[in-house]
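Please read the structure below before turning to the comments.
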Amino acid sequence: MNEPLRKDSFYNESLIGIFGPVQLIKRLDQSIHPLLPKLYLNCATDTKVGSHHLNDANIERWSKHGDVGYADGKGKIRIVLSQLANANTLLVTEQCDNLCLFCSQPPKNINDEILFSYAAQSIIAFNSDKMIGISGGEPLLKKNHILNFFKNLNQFKNKTPLHILSNGRAFKDKDFVDNFYRLNKDRRVLVGVPVYGTNSQSHDILVSSKGAWSETIAGLINAGNQGIEIEIRIIPTQLNYKEISSIVELVLTCCNHITRISIMNLEQMGWAKKNWSELYIEPRYYQDELVKSCEMGKRFGIDISLFNYPLCHIPDRIHKYARKSISDWKNAFEDKCDFCVLKPECGGFFTSIKDKWINPKERII
Amino acid sequence: MTNYSLLPFNFRLLPDNEVLISNLANMYHVLPAKADLENLIKDIGSLNDDVISKLEQKLFLYSQDDFETKVQLTASAFTKRINKDLSSPRLIMIVPTLRCDHHCSYCQVSRVNQDLSGFDLPLSSIPALINFIKKIESPPYKIEFQGGEPLLAFEFIQEFYNQMLLEVERDDFTIIIATSLSLLNDEILNWCRGKPINFSTSIDAGIKAHNRHRKLITKNSFELTQKGIKAIEKKLGKGKVGTVTTVTHQGLSGWNELVDTHLELGLSEMFVRPVSSYGFAIPKQAKDITIAEFMVFYRNLILRVFEDNKKGIPIVEHFLFIHYKRLMNAKDGMYVDLMAPAGYAKNSVLIDYTGNIFGSDEARMVYRKYGFDNLVLGNINDHNMTLDTGFSEEILSQSFNFDIPGCADCVYQGSCGSDPIYHIQEFGEPIGNKAFSRFCQLHKSVFDFVIELLKDDSNRLVLEGWMNE
């Protein structure tokens, strides 16, 4: 259960000294953007400054021509934008104004402004028309950073669609909403905003920040009114599992431009590990809420999806809403799952899952 | 212990002592007893925790910390709802002829005999008509031919279609022909095949009543309609014909027969409403059936339809379904009669056989009877084509039902609409006295009925099934 479906991190001592984003090159290609330093893999190298050469069968196997990796200077490289990946996400900051009890990427209070530059360079060089995820920390925490990031992309006429994962609090500021919208006129941007409650009580506890719910809701109203496309994300926990369908109904009744809702099973990463016993609740205790939520999709005319739910954990009736969602670099199946007829349609498990009691012990479909 | 306070709400006492409450966000909740309403107002703390959290989730209650946000959410829901009714598309109705082979007792437009001349839109007006359509609405266009009997002017429909093809993309318009089907023939069907053309026809409650009201010299209107529906299904396929049922006094016991008729014809959708009293239908029909009488019929009909659904026979009754969708804030709950601000001119427009432009079908009926010139918005043959919208604006500005006497405090305000043309006809002004309004009585009764149905889980599942189809 620990082997991911796609390997993304590699070590090669020839990489020592190479730092920051590099583009993997497998053949001479004039159309590749000159912006990033190049790493020529098992092929002839040009002589330009910033070009490196590397023979590495493993990286060769797990990458495609034009992919982008971040090198750490100590010989390690992580492929962050890959044409082989089912989802590409870039981290643009590790700072956040929420401190979610289940944060998978706990914030660090360091100056990491460079990450926005890396991300902009990488997106421009990768030049894809497939959606790229932008996550943090809180990507909208420093408003001038994110707006500059958009300006940089626009300067290179890049139109890569972006999915930005944000707590939405920044949208409380209407001027910011206006600028954000204006800078993305030629780009599709979908903002994923988590809402964990129908009132401040459960939400503010889960994100450990008093006043967060009010700012997120005000932000959602402003952003939606401006026409910014929004995805609402809900994570059921012991604190809010009874109000899942009420959250769905509330945001869809009150807010504009919500185009999808994602209900996500808790991931055992970061702080969720230490708070697991206070937070995690098995889906069987809130099946009715899941069914009710999913079946609101038609009523409001939007997509509702379940993420990170192995099919054997939810009722048959809502299987069609479950997505194969876990990013391939952290996705795995139990050996037992090989006997299950639904395995091809199933999203499986996180590689990080260690508590056996949520694994498919009881019911192999 | 959190302290909760109330946000504004409307309420209505239901039979068996329950109380329905609603708010500006158009969320609803049923309190099991009148005493709960009193507790809600006097002592929220005495309600049980589950009720309190439900009411808080639906924006009836707020805790001090959340006051501002709950008000923002309510306001946002309110504007979202009005925007939905403001921005939905417009149905374009065309009356190519006023001539008709039928002589229906409840005809609202005073049709004329089929051999008369001077009651048709000339083919030469088609370019102006298409120009007008393109000017007032963006694609996809939804066009409905009415009458009279539009099949008496089939050549007009063909020519309109051909010219339309030259002006807009093929996928950018659909045509509905509202017809009794009595004049349907193979030539018409063959021409329609493969084109975006659907039919809408009438099947009244009770075959006897149908033939009695929808008069043909041959006295076989129903049989011809039945034959027409079968022919459409055979030649053009399923789902190309829809029905509208008018309920009159003579049909009041025919609910089972009506459902059976639909099922036998392979129809899984119906739309049933009482005879309406517009224009020329008034003296003959206004007193024909009361809303109370209609509701007895309608309850029996719906119970039968629900019974069938529970047995696995899929049949949808759209009049009820629309009321349900309005109560649920559903995305496609738009229906011209149930909008606030009203659908008049904004979501419907009708071009008469004279080229006159009206804001709704009802407006032309009232105009034809009373000659109320303000109702004519313009004429397609007028080259300047300036629509006189002053009067329409005045009408629409009085159709936001949240500040109308009788609607402002109604529990169904957020779901209901307003019908200024009906009220102009009945009361001489667009608001009218809701205590005596048939419109109000009808829709309130249907909303009450939906709320009653929703109490039973098996009925709720039927409605949810319709929604998720």
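The values are calculated or read from the model by the stated rules, or taken from the named source; none is laboratory data. Note that the structure is a prediction, hence the values are computed from the model and not measured. Don't worry about glycine lacking a Cβ; one is built from the backbone with ideal geometry, like all the others, and counts go over all protein chains shown. What goes into the accessible areas is simple: the full protein's heavy atoms, side chains included, and nothing from ligands, DNA or RNA. Shrake-Rupley method; radii C 1.70, N 1.55, O 1.52, S 1.80 Å.
Here are some notes:
- Taking residues in the stretch B:219-240 that are more than 13 Å from B:S200 (Cα to Cα) and assigned by TED's automatic domain parsing to the domain that holds B:S200, and partners anywhere that are hydroxyl-bearing (S, T, Y) and open to solvent by less than 40 Å² (accessible area, probe 1.4 Å), the pairs with Cβ atoms closer than 8 Å and at least 6 places apart or on different chains are B:S221/B:S180; B:S221/B:S182; B:L224/B:S180; B:L224/B:S182.
- Pairs with Cβ under 6 Å, 6+ apart, first in the stretch B:42-70 and among the β-branched types (V, I, T), second assigned to a helix (DSSP H, G or I) and open to solvent by 10 Å² or more (accessible area, probe 1.4 Å): B:T69/A:S214
- In the stretch B:97-133, the qualifying residues are those that are open to solvent by less than 10 Å² (accessible area, probe 1.4 Å) and farther than 19 Å from B:S360 by Cβ, and the one that is modelled with the lowest pLDDT is B:H102.
- Residues of the stretch A:257-292 that are surrounded by fewer than 18 Cβ atoms within 10 Å (Cβ to Cβ) and in contact with a Gly (Cβ under 7 Å, 6 or more places away or on another chain): A:H257 alone.
- Criterion applied to B:P420, B:P405, B:P430 was being farther than 21 Å from B:L31 by Cα, outside the structural domain of B:P8 (by TED's automatic domain parsing) and touching a residue at least 60 places away in the same chain (Cβ under 8 Å), and the one residue passing it is B:P420.
A quick yes/no check of all residues on (1) of a type outside the set (A, V, I, L, M, F, W, C); (2) touching a strand residue (DSSP E or B) at 6+ places or on another chain (Cβ under 8 Å); (3) surrounded by 17 or more Cβ atoms within 10 Å (Cβ to Cβ):
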residue: A:I134; (1), (2), (3): no, yes, yes
residue: A:G137; (1), (2), (3): yes, yes, yes
residue: A:L140; (1), (2), (3): no, yes, yes
residue: A:K151; (1), (2), (3): yes, no, no
residue: A:K157; (1), (2), (3): yes, no, no
residue: A:A170; (1), (2), (3): no, no, yes
residue: A:R188; (1), (2), (3): yes, yes, no
residue: A:V191; (1), (2), (3): no, yes, yes
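- Selection status of B:I92, within 14 Å of chain A (Cβ to nearest Cβ) and either of a type outside the set (V, I, T) or surrounded by fewer than 23 Cβ atoms within 10 Å (Cβ to Cβ) (or both): no
- Filter pass, A:H313 being more than 21 Å from B:L73 (Cβ to Cβ) and touching a helix residue (DSSP H, G or I) at 6+ places or on another chain (Cβ under 6 Å): yes
- Members of the stretch A:29-77 that are part of a strand (DSSP E or B) and in contact with an Asp or Glu (Cβ under 6 Å, 6 or more places away or on another chain): A:L41, A:G75
- For the stretch B:414-469, filtering for residues that are within 24 Å of B:S268 (Cα to Cα), in contact with an Asp or Glu (Cβ under 8 Å, 6 or more places away or on another chain) and outside any helix (DSSP H, G or I) leaves 1.
- Elements of type strands (runs of 3 or more DSSP E) contained in the stretch B:1-86, each with 3 or more residues being open to solvent by less than 40 Å² (accessible area, probe 1.4 Å) and within 14 Å of chain A (Cβ to nearest Cβ): B:61-63
- Restricting the stretch B:377-392 to residues that are outside any loop (DSSP other than H, G, I, E, B) and among the polar types (S, T, N, Q), the residue that is surrounded by the most Cβ atoms within 10 Å (Cβ to Cβ): B:S392
- Residue within the stretch A:275-288 that is basic (K, R) and farther than 22 Å from A:L250 by Cα present: yes
- Filtered residue count, the stretch B:246-261, keeping only those that are out of contact with any Ser or Thr (no Cβ under 7 Å at 6 or more places or on another chain), modelled with pLDDT of 90 or more and open to solvent by less than 40 Å² (accessible area, probe 1.4 Å): 5
- The single residue among B:I395, B:I302, B:I351, B:I289 that is open to solvent by less than 60 Å² (accessible area, probe 1.4 Å), in contact with a Gly (Cβ under 8 Å, 6 or more places away or on another chain) and among the β-branched types (V, I, T) turns out to be B:I395.
- Some residue of the stretch A:193-206 being surrounded by fewer than 20 Cβ atoms within 10 Å (Cβ to Cβ) and modelled with pLDDT under 95: yes
- Residue that is nearest to A:K159 (Cα to Cα), among those in the stretch A:102-116 that are surrounded by fewer than 22 Cβ atoms within 10 Å (Cβ to Cβ) and in contact with a helix residue (DSSP H, G or I) (Cβ under 8 Å, 6 or more places away or on another chain): A:F116
- The residues on offer are A:E231, A:E249, A:E243, and the sole one that is of a type outside the set (G, A, S) and open to solvent by 30 Å² or more (accessible area, probe 1.4 Å) is A:E249.
- Criterion violated by A:R323 - all others in (1) open to solvent by 40 Å² or more (accessible area, probe 1.4 Å); (2) in contact with a helix residue (DSSP H, G or I) (Cβ under 6 Å, 6 or more places away or on another chain) satisfied: (2)
- Meeting the requirement of 1 or more residues that are under 21 Å from the mean Cα position of the chain (by Cα) and more than 9 Å from every other protein chain (Cβ to nearest Cβ), the helices (runs of 4 or more DSSP H) wholly within the stretch A:210-318 are A:212-226, A:244-254, A:271-274, A:276-279.
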